[in-house]
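Data block below; observations after.
The values are calculated or read from the model by the stated rules, or taken from the named source; none is laboratory data. Keep in mind that what you see is a predicted model, and the values were worked out from it rather than measured. Every residue, glycine among them, receives a Cβ derived from its backbone with ideal geometry; neighbour counts consider all protein chains shown. The area values use the complete protein model at the heavy-atom level, side chains included, leaving out ligands, DNA and RNA. Shrake-Rupley method; radii C 1.70, N 1.55, O 1.52, S 1.80 Å.
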Amino acid sequence: PNGEEGAPYLGTQKCKPSAAEAAAGSSEEDQQILVEFALAMNWQKWGETKGWKKALSKVESAQETQSQELDFCGFHGVVCSDSKRVTEINLSKNGLRGRVPRSLFGLT
């Protein structure tokens, strides 16, 4: 499992959607996936929390942010397309700890 000594390095996650996948998803879904990921990976202990801290400092569950529009494209390590879809996540220097939620792989 990720986060344990000797766990595999996940590195950068690039999200390359097909045209059909891009049309099926939404930036709102991407936001929820990022929030779930950050909460599962103990974002408070990351080395760089620009954007994450302001958006998530009082959040305990992803459901709390469903009615909000977070500027997740401005979060450290997140790269977005012009349509506000996540295209890359690079948090390699943040010492991530925790279990990666399956929802992360829903980023397309």
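Sticking with the crude label model, points 7 Å out along Cα→Cβ, report the distance from residue 60 to residue 102 in nm, one decimal please.
With each label placed 7 Å out from Cα toward Cβ, I get 2.6 nm.
Once the piece of chain linking residue 26 and residue 93 is laid out straight, how much longer is it, given 0.36 nm per residue of separation minus the C-alpha distance between them?
Contour length minus the Cα-Cα distance gives 21.3 nm.
How far apart, in nanometres, would the label points at residue 84 and residue 67 be if each is projected 7 angstrom from Cα along the Cα-to-Cβ direction?
Spacing of the two 7 Å Cα→Cβ label points: 1.8 nm.
Could you work out the local net charge near residue 64, counting Lys and Arg as +1, Asp and Glu as -1, over the other residues with Cβ closer than 13 Å to its Cβ?
On the way: positive: 58; negative: 36, 60.
Value of the local net charge: -1.
Return the carbon/sulfur percentage of the accessible area of the range 47-108, one whole number, probe 1.4 Å, all protein chains in place. Please report the intermediate quantities before stating the final value.
Numbers: 1810 of 3970 Å².
Of all accessible area on the range 47-108, carbon and sulfur atoms account for 46 percent.
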